[in-house]
Amino acid sequence: MKFLSDLLDLNKITAKTAFLVLIVSVCLLFLPPAFLLKLQIVDFKKDYGKYFGFAFLASAAFLLVAVLNWAQEKINVFFRKRKQATYIIKAIEKMDFQELAVLREFFINAQQSLDMPIDNPVVAGMLNKGLLYQLSSMGQMSAEGLMMPVAMHHLLKDNLKPESLGLPLTEPSQEVKNEILEARPNWAKSLARRKFNSWY
């Protein structure tokens, strides 16, 4: 029978199809004969009844496997996220002065994303570590390098505070502003000289 061959072809079965087969087979197996008579499917059950038990077991097994696969994937995602969170926290603790200077740019400019030179060794290294991620494949060449829009990893953003980057919580004095300017990456200094920056 075609329906039997289709049932055995797992590539053609979806969870919705398996659930439908399960419901139908349960009804055909366990509904009282009087109800089946009203539905005028008694003869159908006589002709194909030997397949209903198999359909019930096959669809139930398929759904069980589908649920187990779904649960496993959820568990894997959970552990991947936890492992990633641990990695980000440790990465914050191990950041060097240059990496911290790159992250300060998001706070200094008060933006969630910034154009940065992805060919800069420090920026490229942070992209490779997953601390930053590229928002678009479209960019442009400038005096500072190949500028692309990038943003901080959300876990990094959630765990970083201005004070952990050496930024003041209140309006900084001119002396502090000058210190922050000197600590900025060379490409950021170059951009600040060419574009309006609220700090300077």
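Just so you know, all these numbers are worked out from the coordinates, no wet-lab data involved. What you see is a predicted model; the values in this text were computed from it and never measured.
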Give the relative contact order (percent, whole number) for the chain; include only Cα pairs under 8 Å separated by 6+ residues. 16 percent
Any residue on another chain or 5+ positions along whose placed amide H is under 5 Å from the amide H of D119 is listed here as L146
Which entries in K50/K74; K16/K81; K94/K157; K81/K157 show an alpha-carbon gap greater than 27 Å? K50/K74; K16/K81
Work out Dmax and Rg for segment 13-132 from the C-alpha atoms and quote the Rg first, both in angstrom. 28.9, 81
Normalized C-alpha radius of gyration of segment 148-200, against 2.2 N^0.38 Å? 1.29
May I ask you to evaluate 6.51 cos²θ - 1.76 cosθ + 1.60, the Karplus curve with θ = phi - 60°, for each residue of segment 50-62 and list the ³J(HN,Hα) values in order in whole Hz, giving x for glycine and proline? 5, 9, 5, x, 5, 4, 4, 5, 5, 5, 5, 5, 4
Tell me, rounded to the nearest percent, the portion of alpha carbon pairs in segment 96-169 spaced more than 15 Å apart. 52 percent
Residue by residue through segment 110-125, what is 3J(HN,Hα) from phi via Karplus (6.51 cos²θ - 1.76 cosθ + 1.60, θ = phi - 60°)? Round to whole Hz and write x for glycine and proline. 6, 9, 7, 9, 9, 7, 10, x, 6, 8, 6, x, 5, 4, 4, x
Scattering profile of the chain from the Debye formula, Cα beads only, expressed as log10 I(q)/I(0) at q = 0.11 Å⁻¹, is -0.65
